[in-house]
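> The structure under discussion is supplied below as structure tokens; questions concerning it will follow.
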Amino acid sequence: MKGRQPTSGNESKLTDPFGRYVITTFVKGTNMGPYEAARHIPGVSGHELSRAANRHFSIPLLNEAIADLVNAHARLDISQAWGDGTAVAADGTHMDTYLNNLLAETSVRLGKTGGIVYHHISDTYIALFTHFIPCGAWEAVYIIEGLLKNASEVKPTTIHADTQGQGFPVFALGHLLGFDLMPRIRNWKDLTFYRPAKSTEYVHIDALSGEPSSAPSNSCATSGTGPRRSRPIFAFVRLKTPA
């Protein structure tokens, strides 16, 4: 079983290594823990499950196993019912952790201690990559990295995210790397948009954009209600313009 073998590279000395690896993978995948799982699984102890996870486990092999699983899922006919693998959605989920953890923080928004599990979910409904990041981190910092570390044959080019998944540097970097960042941004009424050039025209959204994006990224357009934040999104999102 890929992802599970002794770190020495030698053959396993376990009596039933495949069975032990299957149970250990189930325990880790459900986040149950070896000793809690041993209370419900007859014939195996918490020490045996813990030893298999600690001594027969490596991150590189696990990543290879994940890529193989994603590739196998992509070849299923049913996976094509949802999408073709060209789009991915990125979002984070809070997870409780022990306080004695280098990544553990207290989330001001949620009022809990832990971290953020940041997933990249393909439009074929399978996770391509997952990060564990601090609660206080802006999620957009990790959105491109997850795509670059994706080792599977599924190669999305369009990224959907929420407000935390976007920012000026991320739009620019995504454009340079060939990714289309398509976030859902809250408070659109507070933003000022810029065309990439004076000659650029849009059929349905032309009224949203102002002057071309020659203004610096930290500039503000004033209005009767005070300063407004400038967001040159149209300069980096690939929108088709009429001929």
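The values are calculated or read from the model by the stated rules, or taken from the named source; none is laboratory data. Since we're looking at a predicted model, the values are computed, not measured. Glycine also receives a Cβ, built like all others from the backbone with ideal geometry; neighbour counts cover every protein chain displayed.
> Of all residues in the range 116-126, count the ones that are in contact with a strand residue (DSSP E or B) (Cβ under 6 Å, 6 or more places away or on another chain) and either more than 30 Å from GLY178 (Cβ to Cβ) or in contact (Cβ under 8 Å) with a residue 40 or more places away in the chain (or both). Show your work before the answer.
Looking only at the range 116-126, we keep the residues that are in contact with a strand residue (DSSP E or B) (Cβ under 6 Å, 6 or more places away or on another chain), and these are 116-123.
If we keep only those that are either more than 30 Å from GLY178 (Cβ to Cβ) or in contact (Cβ under 8 Å) with a residue 40 or more places away in the chain (or both) as well, we get 122-123.
Selection size over the range 116-126: 2.
> Okay, next question. Check the range 128-139 and report whether any residue there is crowded, with 20+ Cβ neighbours inside 10 Å, modelled with pLDDT of 85 or more, over 25 Å from ASN187 (Cβ atoms) and of a type in the set (S, T, N, Q).
The answer is no; no qualifying residue exists.
> Of the residues ALA197, ALA151, which single one is modelled with pLDDT under 85 and of a type in the set (A, V, I, L, M)?
Values: ALA151 fails: modelled with pLDDT under 85.
Among ALA197, ALA151, only ALA197 is modelled with pLDDT under 85 and of a type in the set (A, V, I, L, M).
> So ALA89 passes all but one of these: (1) in the same structural domain as ALA161 (by TED's automatic domain parsing); (2) modelled with pLDDT of 85 or more; (3) surrounded by fewer than 16 Cβ atoms within 10 Å (Cβ to Cβ). Which condition number does it fail?
Exception for ALA89: condition (3).
> Also: Any idea which of (1) exposed (fewer than 15 other Cβ atoms within 10 Å of the Cβ); (2) in the same structural domain as HIS160 (by TED's automatic domain parsing) is the one ASN71 doesn't satisfy?
Result: ASN71 passes all but (2).
> Here are the criteria: (1) in contact with a strand residue (DSSP E or B) (Cβ under 9 Å, 6 or more places away or on another chain); (2) not in a loop (DSSP other than H, G, I, E, B). Tell me which single one ALA197 does not satisfy.
(2)
> Return the residues of the range 140-150 that are loosely packed, with under 15 Cβ neighbours inside 10 Å and either under 15 Å from GLY114 (Cα atoms) or in contact with a Leu (Cβ under 8 Å, 6 or more places away or on another chain) (or both); say none if nothing qualifies.
LEU148
> Tell me which residues, restricted to the range 154-169, are in a loop (DSSP other than H, G, I, E, B) and among the aliphatic types (A, V, I, L, M). Steps first, answer last, please.
Looking only at the range 154-169, we keep the residues that are in a loop (DSSP other than H, G, I, E, B), and these are 154-157, 162, 166-167.
Result: VAL154, single match.
> I'd like to verify a number: residues in the range 151-165 that are within 16 Å of GLY178 (Cα to Cα) and either surrounded by fewer than 16 Cβ atoms within 10 Å (Cβ to Cβ) or without any contact (Cβ under 8 Å) to a residue 60 or more places away in the chain (or both), how many? Quick ask: steps written out before the conclusion?
In the first step, residues of the range 151-165 are kept if they are within 16 Å of GLY178 (Cα to Cα); the result is 154-160.
Among the residues that remain, those that are also either surrounded by fewer than 16 Cβ atoms within 10 Å (Cβ to Cβ) or without any contact (Cβ under 8 Å) to a residue 60 or more places away in the chain (or both) are: 155, 157-158.
Here the count works out to 3.
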